[in-house]
1. For segment A:460-499, name all the residues that are surrounded by 24 or more Cβ atoms within 10 Å (Cβ to Cβ), charged (D, E, K, R) and more than 24 Å from A:Val70 (Cβ to Cβ).
2. Suppose we filter A:Ser307, A:Ser268, A:Ser282, A:Ser294 for residues that are modelled with pLDDT under 95, among the polar types (S, T, N, Q) and touching a Pro at 6+ places or on another chain (Cβ under 9 Å); which single one remains?
3. Would you mind telling me which numbered condition in (1) in contact (Cβ under 8 Å) with a residue 24 or more places away in the chain; (2) of a type in the set (S, T, N, Q); (3) closer than 26 Å to A:His417 by Cβ A:Ser512 fails?
4. Does A:Ala27 satisfy the condition of being assigned to a helix (DSSP H, G or I) and surrounded by fewer than 15 Cβ atoms within 10 Å (Cβ to Cβ)?
5. Working only within segment A:222-251, note down all residues that are surrounded by fewer than 24 Cβ atoms within 10 Å (Cβ to Cβ), within 14 Å of another protein chain (Cβ to nearest Cβ) and more than 15 Å from A:Ser82 (Cα to Cα).
6. Quick one: what pairs do we get from segment A:429-452, first residue within 13 Å of chain B (Cβ to nearest Cβ), second among the small types (Gly, Ala, Ser) and in a loop (DSSP other than H, G, I, E, B), C-beta under 6 Å, 6+ apart or different chains?
7. Of the residues that sit in segment A:261-279 and are closer than 26 Å to A:Glu422 by Cβ and assigned to a helix (DSSP H, G or I), which one is farthest from the other protein chains (Cβ to nearest Cβ)?
8. Here are the criteria: (1) out of contact with any strand residue (DSSP E or B) (no Cβ under 9 Å at 6 or more places or on another chain); (2) within 14 Å of chain A (Cβ to nearest Cβ); (3) crowded, with 19+ Cβ neighbours inside 10 Å. Tell me which single one B:Leu176 does not satisfy.
Amino acid sequence: MSTQDTAAPPGYFGSLLEIDLSQRTHAQHELPEALLRNYVGGCGLGSRLLYDRAPAGVDPLAPAAPLLFVFSPLVGTPLTTSAKFAVVAKSPLTGFINDAMCSSHFAIAGKLTGNDAISLTGACAEPTVVIVDGAGVRLEPAGTLWGLSAAETERELRESLGHRYRVSAIGPAGERLVRYATLSHDGRHAGRGGLGAVLGAKKVKAIAVAPSHKVASADPEHVLELARDLRERSFGPATAKYRELGTLGNLLAFNAISTLPTRNFQASQFEGAQRLGAEELSELREKTRASCASCTIGCEHIYSTDSGNEMRVEYENVFALGPLCGVDDPDAVLEASRRCDMHGIDTISAGGTIAFAMECAERGLLPAPWLRFGDGAALLRAVDEIGERRGLGDLLAEGSKRVSVEIGGGSGDFAPHVKGLELPGYEPRTLQAMALGLAVNPRGADHNRSGAYEADMSGEHDRLKGGSPHVGAAIATEDRAALIDSLILCKFLRGAFEEPMREWADLLAAVSGWDVTESELETTARRIVLTKRLFNLREGWVATDDWLPERLLAEPVELASGRSGELPPARLRSMIDSYYDSRGLGPDGIPSTQTLAAHNLDHS
Amino acid sequence: MGTPKADLMWHGQPFADRIARLLLRSTDGPLVVVAAPGQDPPKLPREAVVVEDGREGRGPLEAIAAGLRALPDDVVAYVSSTDVPLIHPSLVRRVLSATSADVDVAVCETEGRLHPLAAAYRTTVLPEIESLLSADLLRPMKLFERVRTRVLDASALLADSAISKLDPTLASLLNLNAPTDYERAQALELPEIKIERFGTLRRSSDEPTTVKAATLGAAAQAAGIELDQHIVAALNGDQITGEAAVPLVTGDTIAFLSADGGG
């Protein structure tokens, strides 16, 4: 096993492995230390690499479009929750930047191939498996793996290659270019934005990696000390929700505070929520808990389905396939979720698109009388048709934005997306810092890159009356997300940090040896957010892309208290203007020359 | 009473703080508190804007004028004294809604007595009040005679379904003017609060679903829940808060939930 290249800072290899699938060649490129320090790793480094390496205006499904696996400095250390990796590409769903993350052993093995990032460009002539290990890079025929689910592919590949190999794979939906197909590893998904379709377009079924290098930390003893401390904190109250119930613990609480989007955002409370809540389901169906590699939280709660299968259950998949579609039958929701995994499609976009289609069908805009809110069988049929691009599913596989353009009839007003990415389970009308976060996020309607719901739920401001406090909160949470997604640590750990940026600077300093400070990381976070915006700008972003669906601005939702959650367009406009101003953007959302210079950025 | 009424305690909370917070619960704000000249401001929520009474000892009109001056033009303000710890948001909302384009003041009346400090005033009446004050006409009745005033008697108030359910004795209008009033009020039963627990806070199905408490902090304590940075409460499915001082009233439901909504 090789040791770390001494030219690179500790925690890094200073190397990008670029694999040209069309030419069947590969090359290693040096990643300068300044680039690594400016973007840290993960989503940050990936955003910059994509900006630099993707041809302007490239079709996300064209061979020239790169797809990047990006690792981070903390991977391979004993720091809890650090075994995560980012996958970055131009999204076939949004046409803008997409940086999704996934967890576990692939992160460690991928980095220990001796690379901070692996880039795939070009396309294979036939379905292929990419293998990166100590012997180099090999492209092998996918053979009978093509057509299998990601989980089956992973299992078979590890059987044939050996268990030290770790595999990221796509399901059949990725092969069929479903625009919200996922890329998976060990049952976890780089789920949003259609990365599975990007890989499918390259005819790559899977990438298998095996460790061949070692990586050192600048101060291993201090890293170990920090890791022990963080481990202790990870057992504390900040992570109790994740540990004891998992993210599904959100569902009933969100219902109680009118922030559970229901029937395609026609309501914010669901009368059938009780049947889907973790408080009830965990008693009836929970079989076990699981963790990602290097994680002491253990947020994964595995439930049994009525068909005898087991299923990882998360708030977002239950929300999207349950209340959003008006379905309260837990068997149908869990089975739909399992089938999404089997096909390899994002549950949020699947649920959002199906809920939208249900409303369109009920309004007579889609010729699908079988597709009705609340119908579990219809939900399952729709999931399968999407995964197989069959019947109506061929259209729904394009996502709600494209469907609304196709069918017209004013459906664009209630298509539940921002920039083409379907909305997650956080009602913007009753979480108005989050409303801003969703509107301006470069990835689209996303709750992981903008965690502004944190501020809405802190009680520090009136969550129903968006204003300047909400803008500050949205920016702060967006910055923290940019950083933690670049280090990378799991966001479920964020509540364990009293002073996140300072503590993260300590972690990065101990690993890299850099004299990095809280202030430097704050600038780094802003640089990462700006870089994503610059990428989008180059790819055709216009100011109207930073907006919310008309329904959310025109139709209030009622709360149990008698107040209503109302987000007038002028209020959203005002928050966006204030966000632009605070971010150093012009009124058109474009970074000023001074802002670019202050963050060592250049854009033409 | 021997102590400024604003500083009297209501189950561990100063009157002024409780009344101010209950008004914040009842309206969209802003909140103006009128203090006597030179008076140390009592403990108040951070949203409160404190102004001084123009001239002390000249009755409620002087204080009402000071408060209205601190408000934006042409809004309707609920005006309350600080000695009504049993005030219920449903009554405040009802009185505010009784003003209209044709009504400048809506004032409560019980047993033939008007309550100028349980009334809603349009800020446009300020010139009329100032005119009365400059003429040393200090009785609120003089104002009510000169502007379009709507009187809400007990039957009018109790016609509101929320008031008839949540404040059927109109305790909202109970001024505590003497130590015996104070003692009697303190002996009243605390409001019954419905408790909902979510996520990890729901430990078993036989946990109590109601508690008696005057504040959020007391309700949390009674429910065995520690309010900290990891746990927040939603009041009636609406505002989320971790502030123990949030006052509670009959009919309230508190949902305790994780402060971390990550998913």
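1. A:Arg463
2. Details: A:Ser307 fails: touching a Pro at 6+ places or on another chain (Cβ under 9 Å); A:Ser268 fails: modelled with pLDDT under 95; A:Ser282 fails: touching a Pro at 6+ places or on another chain (Cβ under 9 Å).
None of the other options fit; the residue is A:Ser294.
3. All conditions are met except number (3).
4. Here the answer is no, as A:Ala27 does not meet what is asked.
5. Passing the criteria: A:Phe235, A:Gly236, A:Pro237, A:Ala238, A:Ala240, A:Arg243, A:Glu244.
6. A:Thr430/A:Ser258; A:Thr430/A:Ser268; A:Gln432/A:Gly466; A:Ala433/A:Ala452; A:Met434/A:Ala452; A:Gly437/A:Ser450; A:Gly437/A:Ala452
7. Here the residue is A:Arg275.
8. Every condition holds for B:Leu176 apart from (2).
The values are calculated or read from the model by the stated rules, or taken from the named source; none is laboratory data. In this text the structure is predicted, and so the values were computed from the model without any measurement. All Cβ positions, glycine included, derive from the backbone under ideal geometry; neighbour counts span all protein chains shown.
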